[in-house]
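See below for the structure under consideration.
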Number of protein chains: 2
Amino acid sequence: MKIDVLNKIKGGLIVSCQALEGEALHGSSIMSKMAIAARDGGAVGIRANSVKDIKAIKKVVDLPVIGIIKKTYPNSERFITPTLKEIKQLLDTDVEIIAMDATLRKQIDSISLKEKVDYIHAANKLVMADISTLEEGIEADKIGFDLISTTLSGYTKYSNQNQGPDIKLLSELIKKTNTPIIAEGKIFLEKDLKNVLQEKPFAIVIGSAITRPKLITKHYNSIIENFK
Amino acid sequence: MKIDVLNKIKGGLIVSCQALEGEALHGSSIMSKMAIAARDGGAVGIRANSVKDIKAIKKVVDLPVIGIIKKTYPNSERFITPTLKEIKQLLDTDVEIIAMDATLRKQIDSISLKEKVDYIHAANKLVMADISTLEEGIEADKIGFDLISTTLSGYTKYSNQNQGPDIKLLSELIKKTNTPIIAEGKIFLEKDLKNVLQEKPFAIVIGSAITRPKLITKHYNSIIENFK
């Protein structure tokens, strides 16, 4: 199972299909169509948020899905599959991979990363560490995550507040761990993607630049405005 | 009315929100949400295809809309609002601007471009010429179109089969006509947009690069594949 899923995504483009509440394209039906478009464009996997979206996507697209549940809790900055409760919800879907906050911040439910990883493995699913620093990546590698992703760099207070993808983190993770490393987060421009490719990550996740037309419009609009 | 509409779009980004039958995102409800996303991202206008899509978009977005109806007829290569029939259908909507094929190819309905332009003007709407060559643009200027767009360059057999936008055509149209010129067609990469901006067009239309996730995925995927 693990080898099979990893082989399917190896070297490819995973498209993150997310529209949160309040976004124009929010809704499982639209996200499932977005996933079809991504598949038709050559995506090797989909990253999706919420049980509803994942179920809708799994019905129509036969690609490995990285499932997350974004949820905020009081007094914590964790928001990507932050507790065992969200993990259990994701285990009720057909996702191949569960991604979760693997930062070293205090656990909301006092259940350690290692216990969560073991719980997911016991259910025969892969687990991806969304991390923001090298230290977190090295810890994730030790704990036994199947994949480590640079997702959270720039999204924790103490990580690099870079504009584009965190190439340094990506490069060091690849050198210093034995886990497949996913390049994810802030890959928006062609040059971002090219910079990331130089490091030869295991796979690449792109989201907003493909599936968030508001942000794409804003990007082109800013080029026009800057030209005036 | 004319001045008012032109002022609203001047110097801005018009987002083409189209998903034809067979595309994953096809459907008026989705296209209207796409238009909301475009507006929220700073679009000054929307280009849309079909009465259904236009009506759905007009209900939710208060921006000038360039309406077209794509329809193919036997023995003709015209497909953008090709006959008076489609013009009449568009006049039943609230579009501010009707765009039509303004090439010099034989008319399907034997009604001249001039007659069509006059018909639209009599209904107090603006009319945009979608052209593919300088000759067609100069003719559109003479006939009295309110706007001329480079839309069809590369999409008629006899026009430049360029990969990116037809900068030469854009530049010559701006020099040789007195009609506001819209840069449209094949603006996909950042450098395409920057090249177009150098010519100072009246406004810019971008479609697939914003609203066709399949083609955007394909684009990023090709960068990844070329890197291997």
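The values are calculated or read from the model by the stated rules, or taken from the named source; none is laboratory data. On a predicted model such as this, the values are computed, not experimentally measured, just so you know. When we count neighbours, we look across all protein chains shown, and the Cβ atoms used for this are built from the backbone with ideal geometry, even at glycine. Remember, those area values only see protein heavy atoms, side chains included, never the ligands or the DNA or RNA. Shrake-Rupley method; radii C 1.70, N 1.55, O 1.52, S 1.80 Å.
For the stretch A:48-79, residues that are out of contact with any strand residue (DSSP E or B) (no Cβ under 6 Å at 6 or more places or on another chain) and of a type in the set (F, W, Y) total 1. Candidates A:L90, A:L84: the one that is open to solvent by 10 Å² or more (accessible area, probe 1.4 Å) and at pLDDT 95 or above is A:L84.
Within the stretch B:41-62, the residues that satisfy the criterion of being open to solvent by 10 Å² or more (accessible area, probe 1.4 Å), in contact with an Asp or Glu (Cβ under 9 Å, 6 or more places away or on another chain) and under 21 Å from B:I204 (Cα atoms) are B:G42, B:K58. Within the stretch A:186-228, the set of residues being closer than 24 Å to A:S28 by Cβ and under 16 Å from the mean Cα position of the chain (by Cα) comprises A:V205, A:I206, A:G207, A:S208, A:A209, A:I210, A:T211, A:R212.
Filtered by the rule that a residue be of a type outside the set (D, E, K, R), assigned to a helix (DSSP H, G or I) and away from every other protein chain (no Cβ under 11 Å), the stretch B:1-30 gives B:I3, B:V5, B:L6, B:N7, B:I9, B:S28.
A residue that is open to solvent by less than 30 Å² (accessible area, probe 1.4 Å), assigned to a loop (DSSP other than H, G, I, E, B), over 24 Å from A:I181 (Cβ atoms) and away from chain B (no Cβ under 12 Å) cannot be found anywhere in the stretch A:66-73. Collect the residues in the stretch A:153-178 that are closer than 17 Å to A:R78 by Cα and of a type in the set (D, E, K, R), keeping them in residue-number order. Listed by number, the list holds a single entry, A:K157. Kindly establish whether B:L84 is over 17 Å from the mean Cα position of the chain (by Cα) and more than 9 Å from every other protein chain (Cβ to nearest Cβ). Spelling it out, B:L84 is indeed over 17 Å from the mean Cα position of the chain (by Cα) and more than 9 Å from every other protein chain (Cβ to nearest Cβ).
Within the stretch A:116-143, if we keep just the residues that are in contact with a Ser or Thr (Cβ under 7 Å, 6 or more places away or on another chain) and part of a loop (DSSP other than H, G, I, E, B), the residue that is farthest from A:A102 (Cα to Cα) turns out to be A:T133. On inspection, B:S76 qualifies as modelled with pLDDT of 95 or more, more than 18 Å from the chain's Cα centre (by Cα) and of a type in the set (S, T, Y).
Pairs linking a residue in the stretch B:121-136 that is closer than 17 Å to B:D92 by Cα and in contact (Cβ under 8 Å) with a residue 40 or more places away in the chain to a residue that is open to solvent by 40 Å² or more (accessible area, probe 1.4 Å) and part of a helix (DSSP H, G or I), with Cβ atoms under 7 Å and 6 or more positions apart or on different chains, are B:L126/B:K2. Go through the residues of the stretch A:129-145 one by one and say whether even a single one is in contact with a Pro (Cβ under 6 Å, 6 or more places away or on another chain), within 18 Å of A:K10 (Cα to Cα) and either surrounded by fewer than 18 Cβ atoms within 10 Å (Cβ to Cβ) or at pLDDT 95 or above (or both). No: zero hits.
Only one entry in A:K214, A:K200, A:K186, A:K194 is within 12 Å of chain B (Cβ to nearest Cβ) and crowded, with 18+ Cβ neighbours inside 10 Å, namely A:K214. Among the residues of the stretch A:151-168, just one is surrounded by fewer than 19 Cβ atoms within 10 Å (Cβ to Cβ) and among the aliphatic types (A, V, I, L, M), namely A:I167. Answer yes or no: is there a residue in the stretch A:99-115 that is closer than 26 Å to A:V44 by Cα, part of a loop (DSSP other than H, G, I, E, B) and more than 14 Å from chain B (Cβ to nearest Cβ). Yes; the residues of the stretch A:99-115 include at least one that is closer than 26 Å to A:V44 by Cα, part of a loop (DSSP other than H, G, I, E, B) and more than 14 Å from chain B (Cβ to nearest Cβ).
Within the stretch B:31-60, if we keep just the residues that are within 16 Å of A:K218 (Cβ to Cβ) and assigned to a loop (DSSP other than H, G, I, E, B), the residue that is farthest from the other protein chains (Cβ to nearest Cβ) turns out to be B:V44.
Can you say whether B:I148 is crowded, with 22+ Cβ neighbours inside 10 Å and in contact with a Gly (Cβ under 8 Å, 6 or more places away or on another chain), as far as the supplied structure shows? In short, yes. On the basis of being open to solvent by 20 Å² or more (accessible area, probe 1.4 Å) and aliphatic (A, V, I, L, M), does A:L20 make the cut? Against the criterion (open to solvent by 20 Å² or more (accessible area, probe 1.4 Å) and aliphatic (A, V, I, L, M)), A:L20 qualifies.
Scanning the stretch A:23-40 for residues that are of a type in the set (G, A, S), open to solvent by 10 Å² or more (accessible area, probe 1.4 Å) and in contact with a strand residue (DSSP E or B) (Cβ under 9 Å, 6 or more places away or on another chain) gives a single hit, A:S32. Being within 30 Å of B:I204 (Cα to Cα) and in contact with a helix residue (DSSP H, G or I) (Cβ under 7 Å, 6 or more places away or on another chain) is a property that A:E190 has.
Within the stretch B:161-180, not a single residue is of a type in the set (A, V, I, L, M, F, W, C) and in contact (Cβ under 8 Å) with a residue 60 or more places away in the chain.
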